[in-house]
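Read the figures in this text as sums done on the coordinates, not as results from a lab. On a predicted model such as this, the values are computed, not experimentally measured, just so you know. Using ideal geometry, Cβ is built from the backbone for each residue, glycine included, and neighbour counts are taken over all protein chains shown.
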Amino acid sequence: MSDNLFRTKSIEQSIRDTEEPEHALSKSLSALDLTVFGVGVIIGTGIFVLTGKVAKETAGPATALAFVVAGVVCALAALCYAEFASTVPVAGSAYTFSYASLGEFPAWIIGWDLILELALGCAVVAVGWSGYVRSLMDTAGVGLPSALSGTHGGTFGFDLLAALLVLVLTGILVAGMKLSSRVTGIIVAVKVTVVLLVIIVGSLYITGSNYHPFIPPKQEVTGGGGLSAPLIQLMAGYTPSNFGVMGIFTAAAVVFFAFIGFDIVATAAEETKLPQRDVPRGILGSLFICTLLYVAVSVVVTGMEHYDKLSVDAPLADAFKSVGHPFWAGVISFGAAVGLTSVCMILLLGQTRVFFAMSRDGLLPRVFSKVHPSFRTPYRSTVLLGVVVAVVAGFTSIDVLAELVNIGTLFAFVVVALGVVILRRRRPDLPRAFRTPLVPLVPVLSVMASFWLMLNLPAETWVRFAIWMAIGVVLYFAYGRAHSRLGLSTARQQDAGTPNS
């Protein structure tokens, strides 16, 4: 039985599956398209909110260094993703990589994890987008009934704007990847322009004394209790500290989540013209650009207003108000609303490609791996997941769901890093257009860094994650294992090779 659970799908077979006419996706993306996708999903509200929040509560002006540390941690994972994506240019990202290196059951687990991560991420982002748009509508004197404005403060409601956003983006994804990349390109151009304007204008109002002290004195943090406490605190009694040198690393654990999304670039590998070359460029290029923007924004916001006076809810917008320029606060809100649109679409894109890959392998019903005869997109899985996410977004309020997105992403990072080492040993003969440097050192460092951040998440997040994984295990043994194309193919080969069978 263990052999069946850990049977691997060869790289050659994975690539052959992409050539089946009814399951073949259109190849239309370039390195620029992938870089735009990466920037589009990474830059969201984090750049407008998280920078100031962390500066005020955790690291002060040294928040810029925290972004550098977080960027290095992400780069370790990105190098591993880049090697896999250039070696296995197939839809599915970490799921497909795991199937080739770790085996079918681990691949199912990571695929099930990615479905949760991307679905919840898309729903939460849609709800956040709805909040920004409602705020802009209120400013213009146009309001929505409370019953159609979502669930707030225990009051039940349906978030109409969030659901409509997901459904519109679903239609765009069904219509084709080239259209999706064009829409994303326009959105990314708008929000990057807003970010650059904020950096340029904000730099004119920097006061040098606001950077002193650059690394504020260390402050001990009193740890919480129960399931709300970080898992590492319950295990070892360790509690992180704010400010000081260690505060930079505490801040890095927080701002790390502003980088989540570069891995989604790998899900589009099968729809890329030259995936072996362009996917690594898209992954590493988008990560580099976003790190520069995050560092620049953190330098500006801590220079405009002293870190201990920054607000928590909208620090960057309020920093402009503090220097007498409320107009730019409105520009920031507009940029955040526009930016979240592309984040939502690319999260939905990533989820549909993972679902499509699992369906094509038979681990989910094969009917969902049919591609549209004209658009060459997995329209059935896209419509199904779009409707589900729209309903979830309509009835979901933003709270602890975001933490499930974080733990799911970090778990995927760990699996991909391990997979690079394993596949190097099992298939050293494979052509690798991009090779992760210093193997196994870089993958091991990636695993350690990702696992450390997972330990800093609340214990209750681990409990919810375990429950979702348990549901996935039940589904695998109830359906996936028996319908696996790899398993059925192996069984036929064994029967054909059995004498007198």
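The table below lists the values:
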{"item": "Among 101-113, 479-491, 81-93, 426-438, the order from most to least packed when residues are scored by Cβ within 10 Å on average", "result": "81-93, 101-113, 479-491, 426-438"}
{"item": "Hydrodynamic radius of region 439-482 per Kirkwood, over alpha carbon pairs, in Å", "result": "12.6 Å"}
{"item": "Relative packing of 241-251, 59-69, which averages over residues the other C-beta atoms within 10 Å, highest first", "result": "59-69, 241-251"}
{"item": "Burial ranking of peptide ranges 281-287, 451-457 (average Cβ count within 10 Å, highest at the top)", "result": "281-287, 451-457"}
{"item": "Residue 186-residue 142 pseudo-label distance in nm [points 7 Å out on the Cα-to-Cβ vector]", "result": "1.7 nm"}
{"item": "Debye intensity ratio I(q)/I(0), log10, region 38-118, q values 0.13, 0.27 Å⁻¹ (C-alpha model)", "result": "-0.59, -1.25"}
{"item": "For region 427-457 and region 101-139, distance of Cα centres in Å", "result": "24 Å"}
{"item": "Amide H contacts under 5 Å for residue 242, placed H, 5+ residues apart", "result": "219, 221"}
{"item": "If the convex hull is drawn through the Cα atoms of region 225-353, its volume per residue in Å³", "result": "175 Å³"}
{"item": "Where Rh is the Kirkwood radius over Cα pairs, Rg/Rh for region 406-501", "result": "1.12"}
{"item": "Axial C-alpha extent at least 18 Å, average Kyte-Doolittle at least 1.6 - helices from the chain (DSSP)", "result": "63-87, 160-174, 177-203, 379-395, 401-426, 441-455"}
{"item": "Spherically averaged projected area in nm², based on the convex hull that wraps the Cα atoms of the chain", "result": "24.6 nm²"}
{"item": "Nonlocal Lys pairs with alpha-carbon distance under 26 Å, the chain (8 or more apart, or different chains)", "result": "21"}
{"item": "Evaluated at q = 0.24, 0.28 Å⁻¹: base-10 log I(q)/I(0), Debye formula over Cα of region 262-329", "result": "-0.95, -1.15"}
{"item": "Histogram of C-alpha separations across region 343-384, 10 Å bin width, %", "result": "33, 54, 13"}
